[in-house]
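This report concerns only the one structure given below.
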Amino acid sequence: MKESIFYFAVSFILQFVWFGVVHPDRGVTLLDMFIFSILFAVMFFFIRRIWRYQKKGSSE
């Protein structure tokens with residue numbers, strides 16, 4: 001769970017810096033950044049679970 005929160009926070013901060021400081025004229029809102037950060041964290045949550053399942057299956 002800590003890793004998912006970490007992924008969310010890092011993703012949100014990177015997006016905020018990229019779209020807020022580097023490219024402020026892109027029209028990306030905080031809500032967009034929030035939603036994509038959640039999707040990023042969920043995606044890595046499932047990838048990690050699949051990775052563990054495959055690793056567990058290959059050792060048998």
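Since every read-out is calculated from the coordinates, none of them should be taken as a lab result. Worth saying up front: this structure is predicted, and the values here are computed from it rather than measured. We place every Cβ from the backbone using ideal geometry, glycine too, and count neighbours over all the protein chains shown.
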Discussion item. Output the 0 to 90 degree angle, nearest 10, between the alpha-carbon long axis of helix 30-59 and the longest principal axis computed from the alpha carbons of the chain.
Written reply: 10
Worksheet item: For the stretch 2-59, what is the largest minus smallest coordinate of the Cα atoms on each principal axis, given in angstrom and ordered from greatest to least?
Response: 50, 16, 13
Worksheet item: Given the options ILE38, ILE13, ILE50, which has the most mean-square fluctuation in a GNM of the chain, springs set between C-alpha atoms less than 10 angstrom apart?
Response: ILE50
Fill in: Those residues of the stretch 32-54 whose amide nitrogen sits under 14 Å from the label point placed on HIS23, 7 Å along Cα→Cβ
33
Discussion item. Can you compute the helix-only [θ] at 222 nm over the chain? Use -39500 (n - 2.57) per DSSP H run of at least 4 residues, normalise by all residues, nearest 500 deg cm²/dmol.
Written reply: -27000 deg cm²/dmol
Worksheet entry | Spin-label model distance (nm) - LEU30 vs ILE5, 7 Å beyond Cα toward Cβ | 2.0
